[in-house]
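Here the structure is laid out as C-alpha coordinates; the discussion comes afterwards.
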Amino acid sequence: MNLGRRTILKLAGLTAAAGLTGCDAVGSVFGRMFAMPPRETIYLTPNSKFYVVNYMDSPFNISRDLNQEQWRLHVKGEVKKPMNLGWRDVLNRDSFDQVVTLMCIDTLSGGDSLGNAVWRGVSLKQLLLDAGADEELARDVVFRGADGYDDSIPFERAMRDDVMLAYLMNGEKLPKEHGFPLRLIVPGLYGIKNVKWITEIEVYGGDYKGYWQRKGWTDDGTIKVFSRIDSPGHYQALRGPERQFRGIAFGGPNTIEKVEISFDAGRSWDEAELEPPLSPYSWVIWNYTWRPPKRGKFQVVVRATDVKGRLQIAEIARPMPDGASGYHTIIADVESIETAKSV
Ligand SMILES: Nc1nc2c(c(=O)[nH]1)N[C@H]1C(S)=C(S)[C@@H](COP(=O)(O)O)O[C@H]1N2
Ligand SMILES: [Mo]
(Lines give C-alpha, C1' and ligand atoms only; values in the text may rest on other atoms or scores of the structure.)
(Ligands and ions follow the chains in the order given, each with its own letter.)
Protein backbone atom coordinates (compact mmCIF):
# COMPACT_ATOMS: atom_id res chain seq x y z
CA MET A 1 0.00 0.00 0.00
CA ASN A 2 1.34 3.37 -0.92
CA LEU A 3 0.46 6.33 1.18
CA GLY A 4 -1.21 9.03 -0.91
CA ARG A 5 0.63 12.29 -1.39
CA ARG A 6 -2.15 14.29 0.22
CA THR A 7 -1.95 12.25 3.40
CA ILE A 8 1.80 12.73 3.57
CA LEU A 9 1.46 16.49 3.19
CA LYS A 10 -1.24 16.62 5.85
CA LEU A 11 0.92 14.73 8.30
CA ALA A 12 3.99 16.81 7.49
CA GLY A 13 1.96 19.95 8.14
CA LEU A 14 0.92 18.62 11.50
CA THR A 15 4.52 17.95 12.45
CA ALA A 16 5.46 21.53 11.59
CA ALA A 17 2.48 23.07 13.37
CA ALA A 18 2.83 21.06 16.56
CA GLY A 19 5.71 21.19 19.02
CA LEU A 20 4.12 24.09 20.82
CA THR A 21 6.19 23.71 23.93
CA GLY A 22 9.14 22.99 21.69
CA CYS A 23 10.01 19.55 22.96
CA ASP A 24 9.49 17.20 20.07
CA ALA A 25 10.67 18.80 16.86
CA VAL A 26 11.20 15.49 15.08
CA GLY A 27 8.42 13.59 16.76
CA SER A 28 6.69 12.21 13.71
CA VAL A 29 8.75 10.53 11.05
CA PHE A 30 6.07 11.28 8.51
CA GLY A 31 6.68 13.72 5.75
CA ARG A 32 10.16 12.33 5.31
CA MET A 33 10.70 10.55 2.04
CA PHE A 34 14.12 9.25 3.00
CA ALA A 35 15.01 6.35 5.24
CA MET A 36 15.07 6.76 9.00
CA PRO A 37 17.38 4.62 11.09
CA PRO A 38 15.67 2.17 13.43
CA ARG A 39 15.45 3.07 17.10
CA GLU A 40 16.83 0.87 19.82
CA THR A 41 14.08 -0.56 22.03
CA ILE A 42 15.23 -0.62 25.64
CA TYR A 43 13.84 -1.30 29.08
CA LEU A 44 15.51 1.63 30.81
CA THR A 45 16.66 4.87 29.21
CA PRO A 46 20.22 5.82 30.20
CA ASN A 47 20.28 9.20 31.97
CA SER A 48 22.54 10.66 29.28
CA LYS A 49 19.93 9.83 26.62
CA PHE A 50 16.85 10.81 28.61
CA TYR A 51 14.90 13.68 27.02
CA VAL A 52 15.02 17.08 28.71
CA VAL A 53 12.26 19.71 28.58
CA ASN A 54 12.41 23.07 30.32
CA TYR A 55 10.04 25.99 29.92
CA MET A 56 13.00 28.33 30.04
CA ASP A 57 15.87 28.14 27.57
CA SER A 58 18.66 27.88 30.09
CA PRO A 59 17.62 27.21 33.65
CA PHE A 60 20.97 25.67 34.52
CA ASN A 61 22.46 28.72 36.16
CA ILE A 62 19.80 27.91 38.75
CA SER A 63 20.93 24.35 39.28
CA ARG A 64 24.49 25.60 39.69
CA ASP A 65 23.12 27.60 42.60
CA LEU A 66 21.14 24.61 43.85
CA ASN A 67 23.91 23.52 46.12
CA GLN A 68 22.68 20.54 48.11
CA GLU A 69 23.91 22.03 51.39
CA GLN A 70 22.06 25.31 50.87
CA TRP A 71 18.94 23.92 49.22
CA ARG A 72 15.77 23.92 51.34
CA LEU A 73 12.35 22.40 50.86
CA HIS A 74 9.42 24.26 52.40
CA VAL A 75 6.11 22.51 53.02
CA LYS A 76 3.42 25.09 53.72
CA GLY A 77 -0.18 26.17 53.12
CA GLU A 78 -3.07 24.25 54.67
CA VAL A 79 -0.82 22.26 57.00
CA LYS A 80 -0.72 22.15 60.81
CA LYS A 81 3.06 21.79 60.98
CA PRO A 82 4.88 23.64 58.18
CA MET A 83 8.21 22.02 57.37
CA ASN A 84 11.59 23.33 56.34
CA LEU A 85 13.82 20.45 55.23
CA GLY A 86 17.41 20.21 54.08
CA TRP A 87 19.06 17.63 51.83
CA ARG A 88 20.01 15.40 54.78
CA ASP A 89 16.47 15.51 56.18
CA VAL A 90 15.20 14.16 52.87
CA LEU A 91 17.83 11.41 52.74
CA ASN A 92 16.94 10.39 56.32
CA ARG A 93 13.34 9.64 55.37
CA ASP A 94 12.18 6.19 54.26
CA SER A 95 12.69 5.76 50.54
CA PHE A 96 11.37 3.44 47.86
CA ASP A 97 12.13 2.59 44.24
CA GLN A 98 9.79 2.43 41.27
CA VAL A 99 10.11 2.23 37.51
CA VAL A 100 8.11 5.02 35.89
CA THR A 101 7.91 6.20 32.29
CA LEU A 102 8.03 9.96 32.00
CA MET A 103 6.40 11.44 28.91
CA CYS A 104 6.16 15.02 27.69
CA ILE A 105 2.68 16.26 26.73
CA ASP A 106 4.29 17.54 23.52
CA THR A 107 5.15 14.03 22.28
CA LEU A 108 3.70 13.47 18.81
CA SER A 109 2.64 10.04 17.60
CA GLY A 110 5.80 8.02 17.21
CA GLY A 111 7.70 10.71 19.10
CA ASP A 112 10.81 10.58 21.24
CA SER A 113 10.02 12.75 24.25
CA LEU A 114 9.57 9.92 26.68
CA GLY A 115 11.90 7.80 28.74
CA ASN A 116 11.80 5.02 31.28
CA ALA A 117 13.80 5.09 34.50
CA VAL A 118 13.99 3.59 37.96
CA TRP A 119 13.52 6.40 40.45
CA ARG A 120 14.30 6.42 44.15
CA GLY A 121 12.71 8.93 46.46
CA VAL A 122 10.47 9.58 49.41
CA SER A 123 6.71 9.30 49.66
CA LEU A 124 4.84 12.57 49.13
CA LYS A 125 1.89 11.16 51.08
CA GLN A 126 4.05 10.49 54.13
CA LEU A 127 5.50 14.01 53.96
CA LEU A 128 2.02 15.55 53.74
CA LEU A 129 0.85 13.42 56.67
CA ASP A 130 3.88 14.49 58.74
CA ALA A 131 3.12 18.13 57.90
CA GLY A 132 -0.43 17.64 59.09
CA ALA A 133 -2.10 18.52 55.79
CA ASP A 134 -5.68 19.55 56.40
CA GLU A 135 -7.82 17.07 54.51
CA GLU A 136 -10.89 19.25 54.88
CA LEU A 137 -9.37 22.34 53.29
CA ALA A 138 -6.85 20.80 50.89
CA ARG A 139 -7.89 20.68 47.26
CA ASP A 140 -4.61 20.84 45.34
CA VAL A 141 -0.95 20.41 46.12
CA VAL A 142 1.27 22.96 44.39
CA PHE A 143 4.94 22.35 43.56
CA ARG A 144 7.30 25.24 42.83
CA GLY A 145 10.69 24.84 41.19
CA ALA A 146 13.75 27.02 41.65
CA ASP A 147 13.39 28.16 38.02
CA GLY A 148 9.99 29.75 38.76
CA TYR A 149 8.01 26.88 37.26
CA ASP A 150 4.92 25.67 39.08
CA ASP A 151 2.20 23.08 38.69
CA SER A 152 -0.28 21.23 40.89
CA ILE A 153 -1.99 17.90 41.28
CA PRO A 154 -5.24 17.23 43.15
CA PHE A 155 -4.73 16.53 46.88
CA GLU A 156 -6.39 13.14 46.42
CA ARG A 157 -3.87 12.20 43.74
CA ALA A 158 -1.02 13.51 45.90
CA MET A 159 -2.06 11.15 48.71
CA ARG A 160 -1.63 7.98 46.65
CA ASP A 161 1.29 5.73 47.49
CA ASP A 162 2.87 5.97 44.04
CA VAL A 163 3.66 9.72 44.15
CA MET A 164 7.32 10.28 44.85
CA LEU A 165 9.80 13.05 45.51
CA ALA A 166 12.75 11.55 43.67
CA TYR A 167 16.48 12.12 44.22
CA LEU A 168 18.00 9.14 42.39
CA MET A 169 17.54 8.27 38.71
CA ASN A 170 18.72 4.88 37.47
CA GLY A 171 20.89 4.58 40.55
CA GLU A 172 22.67 7.90 40.03
CA LYS A 173 22.21 11.15 41.89
CA LEU A 174 19.39 12.94 40.03
CA PRO A 175 21.19 14.79 37.18
CA LYS A 176 20.84 18.55 37.37
CA GLU A 177 18.94 18.78 34.07
CA HIS A 178 16.41 16.28 35.46
CA GLY A 179 15.75 18.29 38.61
CA PHE A 180 18.49 17.88 41.20
CA PRO A 181 18.14 17.79 44.13
CA LEU A 182 14.47 16.81 44.17
CA ARG A 183 11.72 16.32 41.58
CA LEU A 184 8.17 15.07 41.55
CA ILE A 185 7.29 11.74 39.92
CA VAL A 186 3.55 11.21 39.42
CA PRO A 187 2.98 7.98 37.48
CA GLY A 188 0.49 8.31 34.65
CA LEU A 189 0.49 12.11 34.40
CA TYR A 190 2.33 13.99 31.64
CA GLY A 191 5.74 15.53 32.28
CA ILE A 192 4.30 18.99 32.98
CA LYS A 193 3.11 17.70 36.38
CA ASN A 194 6.51 16.22 37.28
CA VAL A 195 8.05 19.41 38.66
CA LYS A 196 11.87 19.60 38.87
CA TRP A 197 14.16 21.52 41.28
CA ILE A 198 11.39 21.62 43.90
CA THR A 199 11.89 24.15 46.68
CA GLU A 200 8.30 24.58 47.81
CA ILE A 201 5.25 22.39 48.30
CA GLU A 202 2.03 24.18 49.15
CA VAL A 203 -1.18 22.48 50.23
CA TYR A 204 -3.73 24.70 48.54
CA GLY A 205 -7.41 25.29 49.28
CA GLY A 206 -8.45 26.04 45.71
CA ASP A 207 -8.03 24.89 42.13
CA TYR A 208 -4.51 26.04 41.29
CA LYS A 209 -3.48 26.92 37.74
CA GLY A 210 0.19 26.26 37.09
CA TYR A 211 2.55 27.65 34.45
CA TRP A 212 1.14 25.68 31.48
CA GLN A 213 -2.48 25.92 32.64
CA ARG A 214 -2.17 29.72 32.57
CA LYS A 215 -1.24 29.28 28.90
CA GLY A 216 -4.28 27.13 28.16
CA TRP A 217 -2.97 23.60 28.67
CA THR A 218 -4.73 20.85 30.59
CA ASP A 219 -4.79 20.77 34.39
CA ASP A 220 -5.60 17.07 34.41
CA GLY A 221 -2.63 15.77 32.43
CA THR A 222 -3.59 12.09 32.21
CA ILE A 223 -1.33 10.40 29.65
CA LYS A 224 -3.11 9.02 26.59
CA VAL A 225 -2.47 5.51 25.27
CA PHE A 226 0.65 5.62 23.07
CA SER A 227 2.51 3.16 20.87
CA ARG A 228 5.52 3.37 18.58
CA ILE A 229 7.34 1.30 15.96
CA ASP A 230 11.07 1.44 16.74
CA SER A 231 12.37 -0.97 14.13
CA PRO A 232 12.66 -1.30 11.27
CA GLY A 233 13.02 2.40 10.48
CA HIS A 234 10.72 4.34 8.15
CA TYR A 235 11.62 3.49 4.51
CA GLN A 236 14.43 1.20 5.61
CA ALA A 237 15.11 -1.34 2.85
CA LEU A 238 14.01 -4.81 3.99
CA ARG A 239 15.33 -8.05 2.53
CA GLY A 240 14.55 -11.68 3.29
CA PRO A 241 11.47 -13.79 3.98
CA GLU A 242 11.07 -12.61 7.59
CA ARG A 243 11.40 -9.41 9.51
CA GLN A 244 11.21 -8.63 13.22
CA PHE A 245 9.14 -5.54 14.13
CA ARG A 246 9.70 -4.09 17.58
CA GLY A 247 8.64 -1.10 19.60
CA ILE A 248 7.08 0.25 22.78
CA ALA A 249 3.59 0.98 24.03
CA PHE A 250 2.59 3.02 27.05
CA GLY A 251 -0.79 3.32 28.74
CA GLY A 252 -0.08 6.18 31.16
CA PRO A 253 -1.93 5.33 34.39
CA ASN A 254 -2.87 1.88 33.07
CA THR A 255 -0.72 -0.98 31.83
CA ILE A 256 -0.95 -2.03 28.20
CA GLU A 257 -2.92 -5.19 27.54
CA LYS A 258 -2.70 -5.46 23.78
CA VAL A 259 -0.65 -4.13 20.88
CA GLU A 260 -1.81 -4.63 17.30
CA ILE A 261 0.02 -4.07 14.06
CA SER A 262 -1.30 -3.56 10.55
CA PHE A 263 0.56 -3.91 7.25
CA ASP A 264 -2.28 -2.56 5.10
CA ALA A 265 -2.78 0.96 6.44
CA GLY A 266 -5.13 -0.15 9.22
CA ARG A 267 -7.55 -2.38 7.30
CA SER A 268 -6.55 -5.56 9.11
CA TRP A 269 -4.77 -6.01 12.43
CA ASP A 270 -2.72 -8.74 14.03
CA GLU A 271 -1.64 -9.01 17.67
CA ALA A 272 1.98 -8.44 18.64
CA GLU A 273 3.67 -10.24 21.53
CA LEU A 274 4.26 -8.28 24.71
CA GLU A 275 7.27 -8.53 26.98
CA PRO A 276 6.35 -8.12 30.66
CA PRO A 277 6.75 -4.46 31.74
CA LEU A 278 9.16 -3.60 34.56
CA SER A 279 6.31 -2.04 36.57
CA PRO A 280 2.64 -1.07 36.24
CA TYR A 281 3.82 2.48 35.38
CA SER A 282 6.33 1.48 32.73
CA TRP A 283 6.11 1.17 28.97
CA VAL A 284 5.93 -2.34 27.53
CA ILE A 285 8.04 -3.70 24.70
CA TRP A 286 6.24 -5.48 21.84
CA ASN A 287 7.53 -7.78 19.08
CA TYR A 288 6.07 -9.09 15.87
CA THR A 289 7.59 -11.34 13.21
CA TRP A 290 6.35 -10.41 9.75
CA ARG A 291 6.57 -12.49 6.59
CA PRO A 292 6.06 -9.99 3.74
CA PRO A 293 3.74 -11.46 1.08
CA LYS A 294 5.62 -9.75 -1.76
CA ARG A 295 8.03 -6.97 -2.64
CA GLY A 296 6.86 -3.39 -2.45
CA LYS A 297 5.93 -0.66 -0.02
CA PHE A 298 3.58 -1.35 2.88
CA GLN A 299 2.04 1.13 5.26
CA VAL A 300 2.61 -0.24 8.73
CA VAL A 301 0.52 1.06 11.63
CA VAL A 302 0.59 0.25 15.34
CA ARG A 303 -2.07 0.73 18.03
CA ALA A 304 -2.41 -0.27 21.68
CA THR A 305 -5.17 -1.00 24.18
CA ASP A 306 -4.81 -0.64 27.96
CA VAL A 307 -6.03 -3.06 30.65
CA LYS A 308 -9.21 -1.01 31.03
CA GLY A 309 -10.02 -1.82 27.41
CA ARG A 310 -9.29 1.69 26.15
CA LEU A 311 -8.05 1.64 22.57
CA GLN A 312 -5.51 4.25 21.53
CA ILE A 313 -7.21 7.25 19.88
CA ALA A 314 -6.83 7.12 16.10
CA GLU A 315 -7.82 10.69 15.41
CA ILE A 316 -4.81 12.91 14.82
CA ALA A 317 -4.73 15.67 17.43
CA ARG A 318 -2.06 18.18 18.31
CA PRO A 319 -0.49 18.17 21.77
CA MET A 320 -2.36 21.38 22.74
CA PRO A 321 -4.30 21.32 25.08
CA ASP A 322 -4.27 17.81 26.54
CA GLY A 323 -1.80 15.63 24.61
CA ALA A 324 -1.45 14.36 21.05
CA SER A 325 -3.25 11.39 19.55
CA GLY A 326 -3.04 9.43 16.32
CA TYR A 327 -1.38 6.17 15.34
CA HIS A 328 2.30 5.89 14.53
CA THR A 329 2.81 4.72 10.99
CA ILE A 330 5.85 3.96 8.82
CA ILE A 331 6.54 2.65 5.35
CA ALA A 332 8.06 -0.82 5.17
CA ASP A 333 10.06 -0.94 1.95
CA VAL A 334 10.42 -4.61 1.03
CA GLU A 335 13.17 -4.95 -1.59
CA SER A 336 13.14 -8.71 -1.76
CA ILE A 337 11.61 -11.64 0.07
CA GLU A 338 14.17 -14.20 -1.03
CA THR A 339 16.44 -15.84 1.51
CA ALA A 340 19.88 -14.26 1.28
CA LYS A 341 22.33 -16.60 -0.45
CA SER A 342 25.35 -17.48 1.61
CA VAL A 343 28.57 -16.36 -0.01
N1 LIG B 1 10.94 23.18 37.42
C2 LIG B 1 10.54 22.69 36.23
N3 LIG B 1 9.99 21.46 36.21
C4 LIG B 1 9.60 20.92 35.04
C5 LIG B 1 9.71 21.64 33.82
C6 LIG B 1 10.30 22.93 33.88
O7 LIG B 1 10.47 23.62 32.86
N8 LIG B 1 10.71 23.41 35.10
N9 LIG B 1 9.28 21.06 32.64
C10 LIG B 1 8.28 20.00 32.76
C11 LIG B 1 8.06 19.26 31.52
S12 LIG B 1 7.10 20.00 30.32
C13 LIG B 1 8.49 17.96 31.36
S14 LIG B 1 8.07 17.06 29.99
C15 LIG B 1 9.34 17.31 32.36
C16 LIG B 1 10.61 16.84 31.70
O17 LIG B 1 11.45 16.23 32.61
P18 LIG B 1 12.93 15.84 32.14
O19 LIG B 1 13.56 17.08 31.56
O20 LIG B 1 13.61 15.29 33.33
O21 LIG B 1 12.75 14.78 31.07
O22 LIG B 1 9.68 18.19 33.41
C23 LIG B 1 8.64 19.01 33.86
N24 LIG B 1 9.04 19.68 35.06
MO1 LIG C 1 6.44 18.35 28.89
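The values are calculated or read from the model by the stated rules, or taken from the named source; none is laboratory data. Only a predicted model underlies this, so the values are computations on that prediction, with no experimental measurement involved. Here the Cβ positions follow ideal geometry from the backbone for every residue, glycine too, while neighbour counts run over all protein chains shown. In case anyone asks, the SASA skips ligands and DNA or RNA and just uses the protein heavy atoms, side chains included. Shrake-Rupley method; radii C 1.70, N 1.55, O 1.52, S 1.80 Å.
On the protein heavy atoms, probe 1.4 angstrom, tell me the percent of accessible surface of region 106-169 carried by carbon and sulfur. So the carbon and sulfur contribution to the accessible surface is 42 percent. Classification of region 50-215 by its C-alpha gyration tensor yields a rounded form. The axis ratio a/c (a ≥ b ≥ c) stays under 1.5. For region 208-343, the fraction of 1.4 Å probe accessible surface lying on carbon and sulfur atoms is 48 percent. 3J(HN,Hα) along region 84-97: 9, 10, x, 3, 5, 4, 5, 5, 7, 7, 4, 10, 8, 10 Hz, from the Karplus curve 6.51 cos²θ - 1.76 cosθ + 1.60 with θ = phi - 60°, whole Hz, x for Gly and Pro.
Rounded to the nearest 20, the size of the Cβ-charge dipole of region 50-215 about its Cα centre is 220 debye, with Lys and Arg at +1 and Asp and Glu at -1.
Binning the C-alpha pair distances of the chain at 10 Å intervals from 0 yields a P(r) profile of 5, 25, 31, 21, 12, 5, 1, 0 %, listed from the shortest bin outward. Axis angle, to the nearest 10 degrees, between helix 5-17 and the longest C-alpha principal axis of the chain: 20 degrees.
Residues in the chain average 46 Å² of solvent-accessible surface per residue, probe 1.4 Å, ligands and nucleic acids excluded.
For the chain, relative contact order (Cα pairs under 8 Å, six or more residues apart, normalised by length) works out to 19 percent.
The spacing between region 224-264 and region 297-327, judged by their C-alpha centroids, is 12 Å. For region 82-224, the relative contact order is 26 percent, taking Cα pairs closer than 8 Å that sit 6 or more residues apart in sequence and dividing their mean separation by the residue count. The phi-based Karplus calculation (6.51 cos²θ - 1.76 cosθ + 1.60; θ = phi - 60°) puts the 3J(HN,Hα) values of region 160-172 at 7, 5, 8, 8, 10, 9, 9, 10, 10, 10, 6, x, 10 Hz, whole numbers, x for Gly and Pro.
Note on region 107-123 and region 184-206: Cα centroid distance 15 Å, given to the nearest whole angstrom. Dipole magnitude for the chain: about 1080 debye, using +1 per Lys or Arg Cβ and -1 per Asp or Glu Cβ, origin at the Cα centre. Please go through the residue pairs Lys224/Lys308; Lys224/Lys258; Lys173/Lys196; Lys196/Lys258; Lys49/Lys125 and name each one whose alpha carbons sit more than 21 Å apart in this structure. The answer is Lys196/Lys258; Lys49/Lys125. Would you work out if region 39-131 is rounded, prolate or oblate? Take a ≥ b ≥ c from the square roots of the eigenvalues of the alpha-carbon gyration tensor; rounded if a/c is under 1.5, else prolate when a/b is larger than b/c, oblate otherwise. Cα axes put region 39-131 in the prolate bin.
Packing order of peptides 263-272, 302-311, highest average first: 302-311, 263-272 (average count of other Cβ atoms within 10 Å over each peptide's residues).
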